[in-house]
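The values are calculated or read from the model by the stated rules, or taken from the named source; none is laboratory data. All values reported here derive from a predicted model rather than from experimental measurement. Every residue, glycine among them, receives a Cβ derived from its backbone with ideal geometry; neighbour counts consider all protein chains shown. When the accessible area is computed, the model is the full protein with side chains, heavy atoms only, and any ligands, DNA or RNA have been set aside. Shrake-Rupley method; radii C 1.70, N 1.55, O 1.52, S 1.80 Å.
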Amino acid sequence: MQTFDQYSQFLRAAVADEESLQLGESLQGMAAPIETLVGLLRQPDPDANAVAQHLLGLMEVARQHGALVQALGGDWHRFYEFNAHAKTLAHFRTRVALWAREAAESHQRLPVLSEFELAAWRVLGAGALLLDVYEQSAQRAQDAAASRSPFVWRLRRAWRRFLTVLHWGP
């Protein structure tokens, strides 16, 4: 690093990488209880109390994930995918709460497997899309910063001169 600006960009990139890592781990943390619930719902005669308990656990994991998403830096909030994931997550949390209540009540109605899987794939997919869009944006910003560095600029200028001398360039 030759300038304070480059140092600042390095620190921002390090923070962004940490946030990306945290978001990815949080999505993985949501996927595990979802997989457990899918396994329970696929059983021939699932135990409604066990399903209700796992749904309550998933609600807590989804709540923690939502808090992490809202705490992400401002760079995340500028993407359409951020709002899409936040809305999908809010809808998912509402559905999980409803399913948990229905499973715990006397009539012990369990969520339909296909509905649960669809809601789960939506929330995890929206999160993965947000993570991918953010990381691609961060990579483009790093590439642009590298192309503005004095060394790269001098190298490109020298390359253009070389091509001009060989009559291959402008």
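Quick look at the numbers
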{"read-out": "Under Karplus coefficients 6.51, -1.76 and 1.60, residue-wise ³J(HN,Hα) of the stretch 68-85 in Hz, glycine/proline x", "value": "5, 4, 5, 7, 4, x, x, 4, 5, 5, 7, 8, 4, 5, 4, 5, 4, 5"}
{"read-out": "Rounded percent of accessible protein surface that carbon and sulfur make up, the stretch 60-103, 1.4 Å probe", "value": "52"}
{"read-out": "At R0 = 22 Å, FRET efficiency that the Cβ-Cβ distance of Arg78 and Ala31 yields, to 0.05", "value": "0.25"}
{"read-out": "Note, ³J(HN,Hα) from phi for the stretch 88-99, Karplus 6.51, -1.76, 1.60, rounded to Hz, x at Gly and Pro", "value": "5, 5, 4, 5, 4, 4, 5, 5, 5, 4, 5, 5"}
{"read-out": "In nm, spacing of pseudo-spin labels at Val133 and Asp17 (7 Å Cα→C-beta vector)", "value": "2.4"}
{"read-out": "Rounded, prolate or oblate (a/c below 1.5 giving rounded, otherwise prolate when a/b exceeds b/c) for the stretch 57-109 by Cα gyration tensor", "value": "prolate"}
{"read-out": "Solvent-accessible heavy-atom area per residue, rounded to whole Å², over the stretch 57-105 at 1.4 Å", "value": "51"}
